[in-house]
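Data first, discussion second: the structure below is written as structure tokens.
The values are calculated or read from the model by the stated rules, or taken from the named source; none is laboratory data. Predicted, not measured: the structure shown is a model, and the values here were computed from it. Ideal geometry is used to build each Cβ from the backbone, glycine not excepted, and the neighbour counts take in all protein chains shown. Only protein heavy atoms, including side chains, enter the accessible area calculation; ligands, DNA and RNA are left aside. Shrake-Rupley method; radii C 1.70, N 1.55, O 1.52, S 1.80 Å.
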Amino acid sequence: QVHRVVYEGSLELDYEEGGVSYDSVSSLEGDLSLNYESDYIYAETYGDEEGIGCNWWYVYMYESVNWDTQEISGHGFNIELLVDPAAEDITGTYVALTEDNIDNPASTFIPGAYDVDGYSIYPYYSWYISGDYTSFAPIMDGTITITADADGVYTFTFDCVDDAGNAITGQTWGYAELYNETLSTVAKPSSKQFKSKSTLTREVKKSMTLRN
């Protein structure tokens, strides 16, 4: 006896790889409101790496850093920005890169994305990630506004959402180190000690594996 099954509905599939399927990967259980000073803010660009008419900036921010052990804790962000090449820094308001603005991508942030290997998530582009990697969320939409004062203090204001619809809002601020290879300059405030192009950033990037 032959049974014929007819399916009616959407053929859209969840992301699935290695036996794990995700509607969203955010670990947040609700909205996240932020208001804190960051021990470490570092941003670097090597110019228009992709030939899209924008400098690609990588921004790393950590709330608390033990400079002896280079261990980080508290809140953190890794953000990737597309910036007008004429701009010497990263101040401005950034919206999410979408199909609607991809032909003019200046002043956008690249929404969070990820690869999956088994039960491990490998994040890239723009994410909220806590220092112990137990709390994480891709930043998918909204605005990120960056300002700087005369003393070199940068303030990041978030009005964003993750892939589960949780709001990520509020501010973090701190002294920042900016490296712009196209200008061959490094801006360092004298009142803060940084490890330039730091081992800290490299080690965090290498170890950034999230497990769901």
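Calculate, in nm to one decimal, what residue 66 and residue 23 gain on full extension: separation in residues at 0.36 nm each, minus their alpha carbon distance.
11.9 nm
Using θ = phi - 60° and the Karplus curve 6.51 cos²θ - 1.76 cosθ + 1.60, what whole-Hz ³J(HN,Hα) does each residue of the range 131-139 get, with Gly and Pro shown as x?
Result, ordered by residue: x, 9, 6, 8, 10, 7, 6, x, 8 Hz.
Averaged per residue, what accessible area in Å² does the range 20-65 show with a 1.4 Å probe, protein chains only?
41
Please list, in chain and number order, the residues 5+ apart from residue 88 or on another chain whose amide H is under 5 Å from its amide H, with Hs placed from the backbone.
none
Please list 3J(HN,Hα) in residue order for the range 89-105, calculated via the Karplus relation 6.51 cos²θ - 1.76 cosθ + 1.60 where θ = phi - 60°; whole Hz, with x for glycine and proline.
9, 10, 5, x, 10, 10, 10, 5, 5, 9, 5, 6, 10, 5, 7, 9, x
Between residue 46 and residue 171, what length in nm is gained on full extension when 0.36 nm per residue of separation is reduced by their alpha carbon distance?
42.3 nm
Please give, to one decimal in nm, the separation of the simple spin-label points placed at residue 103 and residue 132, each 7 Å out from Cα toward the Cβ.
Simple spin-label model gives 4.9 nm for this pair.
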